[in-house]
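Chemist: Sharing a structure below in structure tokens format, with a few things to ask.
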Amino acid sequence: MLRTVRTLAVLVGLAANLIPLYGVLYWQWDTFQLLMLYWMETVIIAFWTIRRIARVPIQELGTITVNGRVRPATRKMLCGFFTLHAGLFIAAHLLFLWILFSGEWLKKVHGVASFSDELFFANGLWLAIAFMFVSGWISYLVSTSQGYPRQMERGLYPKKKIAPAPEAGNDAVGSIVGGLYVRIVIMQIAIIAGAVLAQRYGSIAPLLIVIGLKTLADMAASIRGSSAPEGMTLSSGNTTLKT
């Protein structure tokens, strides 16, 4: 059952990645729309990452150093820190994309309501966003509630011997957050590079290549899972988190 749920997550993620391909080819999505879609995917990934941190067992939270004093980390501390950290990155990323790539969209968007209507609902981007959100939700269930698929399997096959869930490692937060930041940095560099080439040469070919490469990278990450180097340290101002 656990393998089935993981396969479902991969298939939903594949659908979420193929919708942009259809959008560029048949719905005339331009470079900025594709960038906004992937920006929204960053928001979705950050949301599920914070949800995963909120479910990490207390004994695996590591320590937090505030003004030179080391203390045990709590879920509230970690969620607050990484919400702020990721939120600042997402806001700066949005500003960067608007300054460099918005073009004619500046004339169409005049507020939050028009931002949503013009960019996401009027052009079918909402469909890809919905699949991305569902894919993240399924991955969240698999990664944080591995007992849930096993409970379903026990209910469906009461006589079948179900292997116990594997024990979690001792670097849970580092693995979760490392997967978020490594993926964001690598994929956004590739996506923005493709957008620059598409604008410069007036061709959708670079966008199609980026979509294809991103799809392969997402599928590989979904199959093998994400990890971060042991002993990863993340800091902001006078607050240092060690996991």
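Condition check ((1) within 28 Å of residue 212 (Cβ to Cβ); (2) over 17 Å from the mean Cα position of the chain (by Cα)) across all residues:
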site	(1), (2)
42	yes, no
48	yes, no
58	no, yes
66	no, yes
69	no, yes
80	no, yes
83	no, no
87	no, no
96	yes, yes
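Chemist: Might you check whether a residue that is in contact with a helix residue (DSSP H, G or I) (Cβ under 6 Å, 6 or more places away or on another chain), farther than 30 Å from residue 202 by Cβ and assigned to a helix (DSSP H, G or I) occurs anywhere in the stretch 21-28?
Modeler: no
Chemist: Name every residue in the stretch 67-80 that is touching a residue at least 12 places away in the same chain (Cβ under 8 Å) and surrounded by 13 or more Cβ atoms within 10 Å (Cβ to Cβ), in order of residue number.
Modeler: Across the stretch 67-80, the qualifying residues are 73, 75, 77, 78, 79.
Chemist: All but one of (1) of a type outside the set (Lys, Arg); (2) touching an Asp or Glu at 6+ places or on another chain (Cβ under 6 Å); (3) modelled with pLDDT of 80 or more hold for residue 230; state the number of the condition that does not hold.
Modeler: (3)
Chemist: Please go through the stretch 107-148 and give me each residue that is assigned to a helix (DSSP H, G or I), out of contact with any helix residue (DSSP H, G or I) (no Cβ under 8 Å at 6 or more places or on another chain) and closer than 23 Å to residue 24 by Cβ, ordered by number.
Modeler: Across the stretch 107-148, the qualifying residues are 107, 115, 116, 117, 121, 130.
Chemist: What tally of residues in the stretch 33-75 results from selecting those that are among the polar types (S, T, N, Q), farther than 18 Å from residue 130 by Cβ and either assigned to a helix (DSSP H, G or I) or modelled with pLDDT under 85 (or both)?
Modeler: So the count comes out to 5.
Chemist: Out of curiosity, is residue 6 under 27 Å from residue 127 (Cβ atoms) and among the basic types (Lys, Arg)? Please lay out each step first, then the result.
Modeler: Numbers: under 27 Å from residue 127 (Cβ atoms): yes; among the basic types (Lys, Arg): yes.
When the stated conditions are applied, residue 6 passes them.
Chemist: So, in the stretch 98-116, exactly how many residues are of a type in the set (S, T, N, Q) and within 21 Å of the chain's Cα centre (by Cα)?
Modeler: Of the residues in the stretch 98-116, 1 are of a type in the set (S, T, N, Q) and within 21 Å of the chain's Cα centre (by Cα).
Chemist: State which residue is modelled with the lowest pLDDT when the search covers only the stretch 84-106 and only residues that are part of a helix (DSSP H, G or I) and surrounded by fewer than 14 Cβ atoms within 10 Å (Cβ to Cβ). Quick ask: steps written out before the conclusion?
Modeler: The initial filter retains those residues of the stretch 84-106 that are part of a helix (DSSP H, G or I), namely 84-101, 105-106.
After this cut, where a residue has to be surrounded by fewer than 14 Cβ atoms within 10 Å (Cβ to Cβ) as well, the list is 84, 87-88, 91-92, 95, 99, 106.
Numbers: 84: 92, 87: 92, 88: 92, 91: 92, 92: 91, 95: 91, 99: 89, 106: 84.
Filtering first and then ranking leaves 106.
Chemist: Cβ-Cβ under 8 Å, sequence separation 6+ or interchain: first residue in the stretch 31-42 and touching a residue at least 24 places away in the same chain (Cβ under 8 Å), partner assigned to a helix (DSSP H, G or I) and among the polar types (S, T, N, Q). Which pairs?
Modeler: 31/199; 38/188; 42/188
The values are calculated or read from the model by the stated rules, or taken from the named source; none is laboratory data. Computed from a predicted model, the values in this text were never measured in an experiment. Heads up, the Cβs are rebuilt from the backbone with ideal geometry, glycines too, and the neighbour counts pull from every protein chain shown.
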